[in-house]
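Visitor: Can you keep this structure in mind? I'll have questions shortly.
The values are calculated or read from the model by the stated rules, or taken from the named source; none is laboratory data. It should be emphasised that the depicted structure is a prediction, and the values quoted were computed from it without experimental measurement. Don't worry about glycine lacking a Cβ; one is built from the backbone with ideal geometry, like all the others, and counts go over all protein chains shown. Just so you know, the surface numbers come from the protein's heavy atoms only, side chains and all, with ligands and any DNA or RNA stripped out. Shrake-Rupley method; radii C 1.70, N 1.55, O 1.52, S 1.80 Å.
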Amino acid sequence: MVLSKTASQTDVSVHSTFASRYVRNSLPRFKMPEESIPKEAAYQIINDELMLDGNPRLNLASFVTTWMEPECDKLIMDAVNKNYVDMDEYPVTTELQNRCVNMIAHLFNAPLGDSETAVGVGTVGSSEAIMLAGLAFKRKWQNKRKAEGKPYDKPNIVTGANVQVCWEKFARYFEVELKEVKLREGYYVMDPAKAVEMVDENTICVAAILGSTLNGEFEDVKLLNDLLVEKNKETGWDTPIHVDAASGGFIAPFLYPELEWDFRLPLVKSINVSGHKYGLVYAGIGWVIWRNKEDLPEELIFHINYLGADQPTFTLNFSKGSSQVIAQYYQLIRLGYEGYRNVMENCHENAMVLKRGLEKTGRFHIVSKDEGVPLVAFSLKDNKRHDEFEIAEMLRRFGWIVPAYTMPADAQHITVLRVVIREDFSRTLAERLVMDIEKVLHELDMLPAKVRAKLAMAEEEHGNNGTVKKTAIETQREITAYWKKYVSERKTNKNKIC
């Protein structure tokens, strides 16, 4: 006798996922559901929603690596369950981190002996690396001031207004004044002379950027070092330099080996670099390297033994995955100097292809420099009818994510678009992007200039009422503010719909 049974509502093994009740009802958004659902349904529902994300490979706003070789992907997955902090349980992973620190330190010309180990640590990214470097500078400055019997409650850092937001976070979280050198039109990085003028006895360090987020330009660390050496001699201070090489640290050694920006300069005491940018590793890995042991105060290093052995640790977090450390070691030995140089040369060449394509349109000013991070920052020559925010918005129809933004003070009236060239951005894609930008420009030319027309009408009304007519810069700022508000409202509305 053959026994049979009727499939119950909960027996989903005989149903297609899309025929089950789990796709008929909305999933909870704020509270954990009372009942479980099958793993196949959970996967399918989440995977379907994630399809609405942008394509990481076409996200030209980001410096972060979006492609690695399958062999490295496998290493990452094999190590995904290893907690990096358990050094006694995973000694080989710890050894790989130490090898990475030493390799990067030598890449940055740290003054190390043949058998001397470098001083540094792997971090979640450059943000954590900058926090650790900043804390070391602050503590060392405080110790010196205490020993001299001087006040130590008003530390400051001098940097350019083009710094990444993590510097502002450090200043606010750890109560350090951030003294910013303002930018100006045509000069979008920190002016070393102005920076040195702002240095005083409370300055814990001057932070230089090797690869500005805004236009990829390298700041002149050599000139900064020379000017600061002279000021230190005149004042008796010993103000040091930190180099934020988050983007440029894995570029300069291979494309511009003669450029002096690293530990070859005597006042450079620490350097951070993002492994997940041009270190060619997925998001989640950064590095900070100190010149020598004296530059990292011992009291900032903690020693723990409850994981099985004495372990020194200097981090802002504790538990984290080991995968990215292993992936960084893979890239360093897999590519070597030759491989990294080839990748960076390809990125630079593709950036030049994109630059030339944009120049041929006759519609753009190129704001970025040829020497620096391989990116192209550009702005419209004529934005009377339409502006950069409209171009960025319309490029999304083709799948491209290209950011438009205004420059910091005192160049906030300048609006630019920026395309970051990563390892996986080919020449074919560069040429395709130029064609799509030309299509967008053609479409915009056919549309009425609604924003400009409204502002012109309002301006005319003010003029008739006897008020002073706005300057071109003031009008451009109003347009920029309008489009930022417009884009923000669109994003908010999309989130409400979702």
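Visitor: Kindly indicate which of S247, S270 is among the hydroxyl-bearing types (S, T, Y), touching a strand residue (DSSP E or B) at 6+ places or on another chain (Cβ under 9 Å) and farther than 29 Å from L75 by Cα.
Guide: Exactly one of S247, S270 is among the hydroxyl-bearing types (S, T, Y), touching a strand residue (DSSP E or B) at 6+ places or on another chain (Cβ under 9 Å) and farther than 29 Å from L75 by Cα, namely S270.
Visitor: Sticking with this one: Just give me the residues in the range 69-100 being closer than 26 Å to T117 by Cβ, of a type outside the set (A, V, I, L, M, F, W, C) and in a helix (DSSP H, G or I), in sequence order.
Guide: P91, T93, T94, E95, Q97, N98, R99, listed by residue number.
Visitor: Let me ask another. Please determine, by comparing only the residues of the range 50-75 that are of a type in the set (A, V, I, L, M) and within 17 Å of L335 (Cβ to Cβ), which one is nearest to the chain's Cα centre (by Cα).
Guide: This residue is M68.
Visitor: Moving on. F389: of a type in the set (F, W, Y) and in a loop (DSSP other than H, G, I, E, B), yes or no?
Guide: For F389, the condition - of a type in the set (F, W, Y) and in a loop (DSSP other than H, G, I, E, B) - is not met.
Visitor: Another one. Report, by residue number, each residue of the range 111-134 that is open to solvent by 10 Å² or more (accessible area, probe 1.4 Å), closer than 13 Å to K269 by Cβ and either in a helix (DSSP H, G or I) or of a type in the set (G, A, S) (or both).
Guide: Answer for the range 111-134, where residues must be open to solvent by 10 Å² or more (accessible area, probe 1.4 Å), closer than 13 Å to K269 by Cβ and either in a helix (DSSP H, G or I) or of a type in the set (G, A, S) (or both): just G120.
Visitor: Would you pick out the residues in the range 424-448 that are assigned to a loop (DSSP other than H, G, I, E, B) and crowded, with 18+ Cβ neighbours inside 10 Å?
Guide: F425
Visitor: Also: Could you list, in sequence order, the residues of the range 74-93 that are within 22 Å of K277 (Cα to Cα), surrounded by 15 or more Cβ atoms within 10 Å (Cβ to Cβ) and at pLDDT 90 or above?
Guide: Within the range 74-93, L75, I76, A79, T93 qualify.
Visitor: M103: over 26 Å from the mean Cα position of the chain (by Cα) and either of a type in the set (A, V, I, L, M) or part of a loop (DSSP other than H, G, I, E, B) (or both), yes or no?
Guide: no
Visitor: Between E234, E217, which is under 15 Å from the mean Cα position of the chain (by Cα), at pLDDT 95 or above and open to solvent by 10 Å² or more (accessible area, probe 1.4 Å)?
Guide: It is E217.
Visitor: Identify all residues within the range 137-169 that are among the hydrophobic types (A, V, I, L, M, F, W, C), buried (at least 22 other Cβ atoms within 10 Å of the Cβ) and at pLDDT 95 or above; write none if there are none.
Guide: Once the filter is applied, which keeps residues that are among the hydrophobic types (A, V, I, L, M, F, W, C), buried (at least 22 other Cβ atoms within 10 Å of the Cβ) and at pLDDT 95 or above, the range 137-169 yields F137, W141, I157, V158, W167.
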